[in-house]
Amino acid sequence: MTQEDAARPRRKRMRHDERRQAIIETTLACLARDGAEGTSLRSVCRDLGVAPSLVNHFFSNWRDLLDTAYQTLVGRLIAQLTTVVDGTYPSARTRMDAVIAVYLSTDWAGENSIGASLAFWQLSRNVPELRQSFGHYLQLRRRLLRRALAALVEEAGAPVDVSRLTEGLMLMLDGIWLEISLNPGSIDEPRTRRLCWFWLDLALGARGPAARRGRPPAS
């Protein structure tokens, strides 16, 4: 070993869970950057600087890696929503505003998350595991949103069907998310929050200037 080799800092050996997580994160980054058509097991390994055979120690196949990466991406949204829905707030309205903020955050509505999600949708045509995960996480999102809306309806004393309100708001939030993905910069976060509250207040039968303007609760 030369003196130069001895002086060079040694690369820290990654633990099993760290290596596995690095593979997942690199897969998400490649999908966000290169899309479904430009991402493959070889391209992920090239970015990682490892041989494809290494991935087989962590995932049974490419489809298993894709499904795990999707669950990681959407699992973060579910974790954030769960924290908000289970949290303590001054009012149900304040909690609902925090739920909307999670949906509009850069973690979910940011360029990387949107790019990776669009790639997963495209890949799901040939990866049945992804389609199953889509349905599972859709149900989890619906349950959490329904809990927040049920508390809001009770607080407002409104004779509203919570299930229909949940379906409507989910469609609205997903539509906003799609608009952001197709036309970045077309709508900003404050305006989007106002639109959500304008629709919610109409559905709840709220009255008054703040409701008509769709004003979110004061932070």
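Figures for the structure shown
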item: Integer Hz, Karplus 6.51/-1.76/1.60 couplings in order for region 71-83, x for Gly and Pro; result: 4, 5, 4, 6, x, 5, 4, 4, 5, 5, 5, 4, 4
item: Helix-only CD estimate at 222 nm, as mean residue ellipticity for the chain, using -39500 (n - 2.57) per DSSP H run (n ≥ 4); result: -24500 deg cm²/dmol
item: Top of Leu178, Leu77, Leu145 by mean-square fluctuation, Gaussian network on the chain, Cα under 10 Å; result: Leu178
item: Computed FRET value (nearest 0.05) for Arg63 with Ser43, which takes r as the C-beta separation and R₀ as 25 Å; result: 0.95
item: In degrees, nearest ten, helix 162-182 long axis to first principal axis of the chain (Cα); result: 50 degrees
item: Helix 128-156 axis, angle to the chain major axis (alpha carbon atoms, nearest 10°); result: 30 degrees
item: Using alpha-carbon coordinates, inclination of helix 111-123 to the longest axis of the chain, degrees; result: 80 degrees
item: Dipole of region 70-213, positive end: most advanced residue of Gly168, Leu104, Ile187 [Cβ charges, Cα centre]; result: Gly168
item: Near-label residues of region 30-63 by backbone N, under 18 Å of a point 7 Å along Cα→Cβ of Arg15; result: 58
item: Furthest towards positive pole of dipole, Ser113, Asn126, Tyr137, structure part region 96-155, Cβ charges; result: Asn126
item: Charge dipole magnitude, Cβ of K and R +1, D and E -1 - region 70-213, Cα centre, debye nearest 20; result: 240 debye
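Read the figures in this text as sums done on the coordinates, not as results from a lab. Just so you know, these numbers come straight off a predicted model, no measurement behind them. A quick note on method: Cβ atoms are made from the backbone with ideal geometry, for glycine too, and the neighbour counts reach across all protein chains shown.
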